[in-house]
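Accompanying notes for the structure given below.
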Amino acid sequence: MTDSFRSGNSRTLAKTLDQLGHPLAVLDRRGVIVFVNLPLCQLFKADATQLVGQSCSWQVAEDDSPFGALLTALAPPAGALQGKLVVRRLTTPIVFDSTQSGQLFIPLLDD
């Protein structure tokens with residue numbers, strides 16, 4: 001998690017999300033990662049600063065990015081970007097030997 005812009009309730013929420021035990025990423029409406037919790041960082045052996053600010057899209061896997069598979073897997077379905085609750089199931093974990101196989105997208109619109 002990154003603390004550079006957090007204070008008060010945001011810091012408390014970030015700590016709570018870190019303690020979930022399940023990988024979690026928060027994306028803005030453009031598909032850019034604005035928050036990752038500790039379990040996601042541990043799963044990908046990455047620091048939050050390496051992931052926050054990265055853009056998630058279906059084309060990223062074609063890049064040479066070390067996190068290409070992750071960024072593609074985190075790309076939200078079109079319905080989520082339109083404000084709809086969307087559930088997508090991964091049939092194969094994106095990390096070898098991982099048991100993480102499901103995703104839930106809950107849109108949070110900032111209008």
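Bear in mind these aren't lab numbers, they're just calculated from the coordinates by the rules spelled out. This structure is a prediction, so every number in the text was calculated from the model and none was measured. Note that each Cβ is placed from the backbone with ideal geometry, even for glycine, and that neighbours are counted across all protein chains shown.
Overview of results
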| quantity | calculated |
| --- | --- |
| Per-residue HN-Hα couplings for segment 43-57 [Karplus 6.51, -1.76, 1.60; θ = phi - 60°; Hz; x = Gly/Pro] | 4, 9, 6, 9, 8, 4, 5, 6, 9, 4, x, 6, 9, 9, 8 |
| For segment 25-34, 3J(HN,Hα) per residue [Karplus equation, 6.51 cos²θ - 1.76 cosθ + 1.60, θ = phi - 60°, Hz, x = Gly/Pro] | 10, 10, 10, 7, 5, 8, x, 9, 5, 10 |
| Placed amide H near L27: partners under 5 Å, 5+ positions off or other chain | V34 |
| Which of V36, V26 has the fewest Cβ neighbours within 10 Å, and the rest in rising order | V26, V36 |
